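Just so it is clear, none of the values below were taken in a lab; they were calculated from the coordinates. Note that the coordinates shown come from a computational prediction; the quantities given were computed from them, not determined experimentally. Every residue, glycine as well, gets a Cβ built from its backbone with ideal geometry; the counts of neighbours run over all protein chains shown.
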Amino acid sequence: MDSGLYIAASGMLTEMVRQEQIANELANANTPGYKADRSTQAGFGELFLRNTRTNVPVGSLSMGVEIADTATELTPEAIHETGEALDFAIEGEGFFGVLTEGGVRYTRNGQFTANAEGLLTDAQGDPVIAANGGPVRLRADGTVSASDLGAFEITGAEKIGDSLFTGTAAGNASGQVRAGALEESAVDPARTMVQMISSFRALEADQKAIQTIDETLSESAGSIGEVH
Amino acid sequence: MVSGLATAAAGMEAQQQLLNALSEDIANSSTTGYKSTRVGFTDLLYQAPGRGGAAGTQVGAGSRAEIIGRDFEQGALEMTGRPLDVALVTPGFIEVRGAGGAVALTRAGQLNVAADGTLETATGQRLEPPIRIPAGTDAEDIAIAADGTVSVEGRRLGQINLVEVSNPDGLQGDGEGDFLPTAASGPVTAARGARLQQGALEASNVEMATVMTQMSEAQQGYALAGKAVTTQDEVLAVANGLIR
């Protein structure tokens with residue numbers, strides 16, 4: 001059969017994944033400390049098919065496409081003042097550390113709150129880790145000194161949701177913690193909308209290709225075999 | 001496969017939560033002792049998209065917003081000159097007991113003498129412990145000291161209980177400007193050093209300019225997520241359009 005059908009189909013699937021990623025970006029346009037995902041698409045070449053359940057390669061298909069990898073762009077974004085005592089932002093590189101049930105996780109989203117013990121926590125109630133490795137205790141007036149919070153350098157940062165990242169700690173970061181401020185979401189609405197439109201048109205083009213190949217195949221199956 | 005429609009819808013819902021909280025703030029911009037809400041945003045779970053993306057590709061499921069506490073910054077003092085108006089000039093709360101018998105905390109110190117002679121707040125909650133004003137007392141003769149001691153012409157009638165919790169962010173609003181203690185707020189304890197000012201009320205700490213800025217941000221976020229919903233719908237229509 002015509003492998004063009006599969007190539008165009010892989011293109012459609014790729015664009016659909018991209019659309020989902022774009023929907024996620026747009027949904028997080030106001031999430032403080034949100035970092036944008038950049039997807040690289042595997043261009044012309046051989047696409048290895050995998051068993052979706054076991055991930056075992058089952059063969060190759062030439063000239064297909066897929067999203068090869070998602071990389072999170074960790075460039076620090078602009079910081080805006082909120083005046084809220086428990087809002088924090090890191091100016092420059094680094095992450096806040098929080099102690100979750102699953103271990104230490106990292107975040108750039110400094111919209112913190114407190115728990116009944118008077119410890120600083122993230123929105124999910126996980127205690128924030130201080131520069132000295134312990135918990136961060138609120139002062140009697142309900143505020144926290146920015147210098148109490150740790151800013152940690154991590155490698156291999158990967159998003160896991162709830163504004164958290166996993167990664168390997170690599171000492172203290174160069175960034176400065178600021179109180180009463182939040183880091184803006186890295187989502188650029190204009191750029192993301194343009195990506196959404198161009199991805200949508202690519203999806204439509206793939207659909208047209210499939211329809212055209214389908215017509216060619218029905219010609220072969222229908223008209224060519226006909227005896228006049 | 002992660003549903004892009006649900007992702008985009010989650011984004012709209014999160015912005016809606018922010019708009020709801022901001023509406024509450026605006027509605028309470030002149031409520032005595034009201035504290036503005038803090039809305040926290042986070043992203044949601046990330047997972048592999050299945051077909052169309054190689055291992056290592058991640059697709060997020062949108063965003064979520066929830067009220068993570070309140071901004072307990074001191075509101076401006078409004079001098080009223082009314083003897084039964086008190087304003088807290090420090091962190092802390094006035095302890096009251098609601099109609100249902102539960103302890104509540106408030107910063108709205110607009111006190112009145114109830115039919116039975118005890119002091120109650122504007123929302124009809126008795127002070128805890130109750131303070132009884134003798135019948136026929138001229139309101140002008142009532143003196144309320146900074147520590148909450150209520151006296152009439154030098155005779156001590158009782159003391160307004162000034163309390164605090166370890167985590168005010170954990171308090172639950174009751175919709176009338178009063179706060180209810182919860183497990184997250186910690187137990188109610190006496191507030192050392194809390195001070196009252198007689199003849200004044202604490203204004204709402206809602207800053208209109210800030211709320212309006214947040215409102216326009218929320219509306220833009222809502223529109224962006226809405227656009228993503230429309231596009232997701234069109235994406236699915238294109239997929240459905242394969243078979244004519």
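Whole-Hz Karplus values for segment B:99-106 come out as 4, x, x, 7, 6, 10, 10, 8 Hz, taken residue by residue from phi with 6.51 cos²θ - 1.76 cosθ + 1.60 and θ = phi - 60°; glycine and proline positions read x. The charge dipole of chain B, taken about the Cα centre with unit charges on the Cβ atoms of Lys, Arg (+1) and Asp, Glu (-1), comes to about 660 debye, rounded to the nearest 20.
The angle between the Cα long axis of helix A:3-27 and the longest principal axis of the Cα atoms of chain A comes to about 20 degrees, rounded to the nearest 10. A cut-off of 5 Å between modelled amide H atoms, ignoring neighbours fewer than 5 places along the same chain, links A:Val104 with no other residue.
In this structure, the amide hydrogen of B:Gln110, modeled 1.01 Å from its nitrogen in the peptide plane, lies closer than 5 angstrom to those of B:Val86, B:Ala122, counting only residues at least 5 positions away or on a different chain.
Near the amide H of A:Asp188, within less than 5 Å, lie no amide hydrogens of residues on another chain or at least 5 residues away, with H placed in the peptide plane.
For B:Pro83, neighbours were defined as the other residues whose beta-carbon sits under 14 Å from its Cβ, and their charges (Lys and Arg +1, Asp and Glu -1) total -4. Remark: B:Ser185, B:Ser23 ranked as B:Ser23, B:Ser185, counting other beta-carbon atoms within 10 Å and listing the fewest first. Charge tally around B:Ala145: other residues with Cβ under 11 Å, Lys/Arg +1 each, Asp/Glu -1 each, net +1.
Exposure proxy for A:Phe152, A:Phe112: other Cβ atoms within 10 Å of each Cβ, ordered fewest to most, give A:Phe152, A:Phe112. Residue by residue, segment A:81-94 carries 3J(HN,Hα) couplings of 6, 10, x, 6, 4, 9, 8, 9, 9, 9, 8, x, 6, x Hz when phi is fed to the Karplus relation 6.51 cos²θ - 1.76 cosθ + 1.60 (θ = phi - 60°); x denotes Gly or Pro. Evaluated with a Cβ-only charge set (Lys, Arg +1; Asp, Glu -1), the protein assembly as shown carries a dipole of roughly 600 debye about its Cα centre, given to the nearest 20. For the options B:Asp178, B:Asp233, B:Asp25, a Gaussian network treatment of chain B with springs between C-alpha atoms closer than 10 Å singles out B:Asp233 as fluctuating the most. By the count of neighbouring beta-carbon atoms within 10 Å, fewest first, B:Phe72, A:Phe96 end up ordered B:Phe72, A:Phe96. When the Cα positions of B:Thr42, B:Ile131, B:Leu77 are compared along the charge dipole of segment B:28-134, B:Thr42 comes out farthest toward the positive end, with charges on each C-beta of Lys, Arg, Asp and Glu.
Using helices alone, I'd like the mean residue ellipticity at 222 nm for chain B: each DSSP H run of four-plus residues gives -39500 (n - 2.57), total over residue count, nearest 500.
Value at 222 nm, helices only: -8500 deg cm²/dmol.
Counting only alpha carbon atoms, the long axis of helix A:189-219 and the longest principal axis of chain A meet at about 20°. Around the Cα centre of segment A:79-228, unit charges on the Cβ atoms of Lys, Arg, Asp and Glu (plus for the first two, minus for the last two) sum to a dipole of about 400 debye.
Across segment A:146-160, coupling constants 3J(HN,Hα) worked out from phi with the 6.51/-1.76/1.60 Karplus curve, θ = phi - 60°, read 4, 6, 6, 7, x, 10, 10, 8, 10, 10, x, 5, 9, 5, 10 Hz, and Gly and Pro carry x. Mean residue ellipticity at 222 nm, helices only, chain A: -9000 deg cm²/dmol; runs of at least 4 DSSP H residues each add -39,500 (n - 2.57), and the sum is divided by the number of residues. Note on chain A: GNM, Cα springs under 10 Å; of A:Glu158, A:Glu215, A:Glu81, the largest mean-square fluctuation is that of A:Glu215. Summary value for segment B:1-63: 47 percent relative contact order, contacts being C-alpha pairs under 8 angstrom separated by 6+ residues.
To the nearest 10 degrees, how steeply does helix B:208-240 sit against the main Cα axis of chain B, on a 0 to 90 scale? Helix B:208-240 sits roughly 30 degrees off the main axis of chain B. Taking 26 Å as the straight-line reach from the Cα of A:Lys159, the lysines in range (excluding those fewer than 8 positions away in the same chain) are A:Lys35, B:Lys227.
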